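Below is one structure, written out as C-alpha cells; comments come after it.
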C-alpha cells in the first residue's frame, strides 16, 4: 500500500492549491501572480534538491577507486525542444490558468475541468504522436464533451459558470496534458528533479515578468510557502516515488481523488454547489477522465 498512500497524499496536496489560491485572493494578491510565486518557490526547492544530490554524488565519486562522473545526461535537440515547450505550456500556461480558473469559477468547477486532461492527452497523442485511440478512449472523449456541455448549461448552483471560468478551466486541463505528452519522456531521460529544477524557475521568471509581480504582504507569505512547498515540491516528489511502487493504471485510479477532494473542500469551506445539470456534467467528466487514462495506461503496461 506504500505506493497508493504516496499517490493519494500527493493528490490531496494538489487539491489544496485551490484553497491557497482562494486565501491569497482574499488577501489581495491578483490571481495571475499566484502561479508565478508557485513556480518560483517550487522551482527554488527543486534547484536546492538537485544541487544537494549533485554534491552528494560528487562526494561519493571522489571516494571511489575509479571515480565515476556524475552529471547531466547528454541532451538531444528533441530534449531541448521538449524542455522549451514543457516550460511554456506545462509551467507558464498551466500555472497561470489554474489560479485564474479558481478565481473565476471556484474550486469545484476548476478541478473538474482540470481533469479533462486525459482527454486532451488522447487527442494530442493521436495528432502529434500518431497513436490511434481505441474504442474506450473515443467513448471517453464523447463523454467528456457531453460533460462540459452540461457544465456550461448548468444553472441553480452557487458556482458561477461563465465563459471565462470554463475557458480558464479548459486551458488548465489542456496545458496539464503536456505533463504526459512532453513531460513523461523528459522525466524518463533526465529525471523529474532535474526537469523541474530547470522548467519551474525559468517559467516562474517568465510569469513574474508577464504579471509584473510585486512584493507580497507579510500576511501572504505563509500561504505562498504552503503553495510552493506543500502543494508543489512535496507532492511532485511523493507522486514520483509512488508510481514507482505501483502500476500506472492503479496510480491513475488513486490520483482521481484529487478532483473529489477539491470538490469536497469547495463545498465545506466556501459553500460551492453545482446545479443538478452541473453535477451530472462533473460526473461525466470524471468518469471520462478515469476511462481515458485507464485505457491509455493499460495499453502500455
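Rule-based calculations on the coordinates, nothing more; no lab input. Everything numeric here is computed off the predicted structure, so don't read it as measured data. Neighbour counts run over all protein chains shown; Cβ positions are idealised from the backbone, glycine included.
Okay, here's what the table says:
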quantity	calculated
Cα-Cα separations in segment 1-47 greater than 17 Å, expressed as whole percent	48 percent
Cα gyration tensor of segment 140-295 - equivalent ellipsoid semi-axes, whole Å, descending	28, 23, 16
Computed over the chain: relative contact order in percent, which uses C-alpha pairs under 8 Å that are six or more apart	41 percent
Tilt relative to the chain, helix 163-176 - C-alpha long axis, 0 to 90 degrees, to 10	30 degrees
Computed E for residue 25/residue 268 - FRET, C-beta separation, R0 22 angstrom, nearest 0.05	0.75
Footprinting exposure proxy for 52, 119, 174 (fewest neighbouring C-beta atoms within 10 Å first)	52, 174, 119
Helix 17-26 vs. the chain, principal-axis angle (Cα, 0 to 90°, nearest 10)	70 degrees
Cβ-derived FRET efficiency at R0 35 Å, residue 221 paired with residue 78, nearest 0.05	0.30
Helix 2-15 vs. the chain, principal-axis angle (Cα, 0 to 90°, nearest 10)	60 degrees
Kirkwood Rh in Å, taken over segment 158-220 so that all alpha-carbon pairs contribute	14.5 Å
Packing-based ranking, highest mean first, of 185-198, 226-239, 280-293 given that Cβ atoms within 10 Å are counted	280-293, 226-239, 185-198
Linear extension gain, residue 167 paired with residue 244, 0.36 nm per residue minus alpha-carbon span	24.3 nm
Gyration tensor (alpha-carbon) shape descriptor, segment 2-300, a/c threshold 1.5	oblate
Distance in nm between pseudo-label sites at residue 146 and residue 185 (7 Å out along the Cβ direction from Cα)	3.4 nm
